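A short worksheet on the structure shown next.
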Amino acid sequence: MAEASNTSAVETIKVETTVVNCNGGGGGALGHPQVYLHIKPEVGKIDCPYCGRQYVLDPHAKAHAH
C-alpha cells in the first residue's frame, strides 16, 4: 500500500509593510485568532505560526511607521 502524502501548498503573500495581520483567511470558525506579525527587513519574510502562510516583504517597501 502506498503512503499518503500531504501536498498542500503553503500560500505566499507579497506585502509592502513590515507589519501584517493574519486570521487564516477563513474568518470566524474557519480561520484562527488574528495575529500581527512583524517582518524584519533584513530577513524579508515571516510565516504565520497558526496556518503557515508566508508573508514576503517587497524589497522596495518601507518600514511601518508608528
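Restricting attention to the range 47-57, and to residues there that are of a type outside the set (S, T, N, Q) and either out of contact with any Gly (no Cβ under 9 Å at 6 or more places or on another chain) or on the phi > 0 side of the Ramachandran plot (or both), which single residue is surrounded by the most Cβ atoms within 10 Å (Cβ to Cβ)? Reasoning before the result, please.
Going through the range 47-57, the residues of a type outside the set (S, T, N, Q) turn out to be 47-53, 55-57.
From what is left, the residues that are either out of contact with any Gly (no Cβ under 9 Å at 6 or more places or on another chain) or on the phi > 0 side of the Ramachandran plot (or both) are 47, 49, 52, 55.
Details: Asp47: 14, Pro49: 10, Gly52: 13, Tyr55: 22.
If we take residues in the range 47-57 being of a type outside the set (S, T, N, Q) and either out of contact with any Gly (no Cβ under 9 Å at 6 or more places or on another chain) or on the phi > 0 side of the Ramachandran plot (or both), then Tyr55 is surrounded by the most Cβ atoms within 10 Å (Cβ to Cβ).
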Which residue, of Gly52, Gly26, is assigned to a loop (DSSP other than H, G, I, E, B), at pLDDT below 85 and not acidic (Asp, Glu)? Gly26
Can you tell which of Gly44, Gly31 is surrounded by 12 or more Cβ atoms within 10 Å (Cβ to Cβ), modelled with pLDDT of 95 or more and of a type outside the set (D, E, K, R)? Gly44
When you scan the range 1-19, do you find a residue that is surrounded by 11 or more Cβ atoms within 10 Å (Cβ to Cβ), among the aliphatic types (A, V, I, L, M) and either modelled with pLDDT under 95 or in a loop (DSSP other than H, G, I, E, B) (or both), even just one? no
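The values are calculated or read from the model by the stated rules, or taken from the named source; none is laboratory data. No experiment lies behind these values; they were computed from the predicted model shown. Neighbour counts are summed over all protein chains in view; Cβ atoms, including those assigned to glycine, are modelled from backbone coordinates with ideal geometry.
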